[in-house]
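Asker: The structure's right below; bear with me while I get my questions together.
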Amino acid sequence: MKVVETTIGGLVIIEPKIHEDERGYFFESWNNRKFNELVANVNFVQDNQSCSSKNTLRGLHFQNPPYAQGKLVRVISGSILDVAVDIRKSSPTYGKHFSVLLSKENNKMFYIPPGFAHGFLALEDDTIMSYKCTVDYNKESEGSLFWDDKDLNIDWSITNPLISEKDDKAESFKSFISLF
């Protein structure tokens, strides 16, 4: 696996080694020893999967401490624009975001450690996204920032995505008080 650093500390893109031939392809989508050696020493406790129609936007979500989650995101079918926003108060990149295209074709994975809000936009119908989490889901600790917050200035390249009622009632970054 190849680990690619991003412009925001802690966020990394993982490019698996893909073995292809006339039969198809094979790659290792998870290896605990390699991940802990090359990326971060974490323990994933929960796997989640979602299927989204084109133009569905989910996020920007996070869980507050002590239930803050790290996530390892990948796409099984379709493609997404995946976005992480740094919400670590002491970080030099606080309030900055990083985005990456994840797809069935490129097989890239995106590691997002605790201290980030996370969201994605499905770019195709029936996009299946899978992610590992370092902490169990805890409803009482969840938070959400507006996907189109002017202060975050994320270029989603869409003006009217399909969003949930929860995401429609998210918090502005200006009024947000980070617990990280």
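Asker: Just to be sure I understand, how many residues within region 47-69 are outside any strand (DSSP E or B) and either more than 12 Å from the chain's Cα centre (by Cα) or surrounded by fewer than 21 Cβ atoms within 10 Å (Cβ to Cβ) (or both)?
Answerer: Looking only at that region, the number is 8.
Asker: Residues Phe44, Phe35: which one is within 14 Å of Gly70 (Cα to Cα) and not in a loop (DSSP other than H, G, I, E, B)?
Answerer: That would be Phe35, the only listed residue that is within 14 Å of Gly70 (Cα to Cα) and not in a loop (DSSP other than H, G, I, E, B).
Asker: For region 1-37, how many residues are over 24 Å from Val85 (Cβ atoms) and in contact (Cβ under 8 Å) with a residue 24 or more places away in the chain?
Answerer: Summing the residues that are over 24 Å from Val85 (Cβ atoms) and in contact (Cβ under 8 Å) with a residue 24 or more places away in the chain in region 1-37 gives 9.
Asker: Next question, about the same structure. Looking at the structure I just gave you, is Glu20 in a strand (DSSP E or B) and over 13 Å from the mean Cα position of the chain (by Cα)?
Answerer: The answer is yes for Glu20.
Asker: Now for a separate question. Since Trp30 meets every condition but one in (1) surrounded by 11 or more Cβ atoms within 10 Å (Cβ to Cβ); (2) modelled with pLDDT of 95 or more, which condition does it not meet?
Answerer: (2)
Asker: Ile76: outside any loop (DSSP other than H, G, I, E, B) and free of Cβ contacts under 8 Å to residues at least 60 places away in the same chain, yes or no?
Answerer: Yes, satisfied.
Asker: I'm told Lys132 meets every condition in (1) without any contact (Cβ under 8 Å) to a residue 24 or more places away in the chain; (2) surrounded by 15 or more Cβ atoms within 10 Å (Cβ to Cβ) except one. Can you identify the failing condition by its number?
Answerer: The failed condition is (1).
Asker: A follow-up question, please. Could you list, in sequence order, the residues of region 135-180 that are under 14 Å from Asn64 (Cβ atoms), surrounded by 11 or more Cβ atoms within 10 Å (Cβ to Cβ) and of a type in the set (Val, Ile, Thr)?
Answerer: Within region 135-180, Val135 is the sole residue that qualifies.
The values are calculated or read from the model by the stated rules, or taken from the named source; none is laboratory data. Predicted model only: the values in this text are computed from it and were never measured. Every residue, glycine among them, receives a Cβ derived from its backbone with ideal geometry; neighbour counts consider all protein chains shown.
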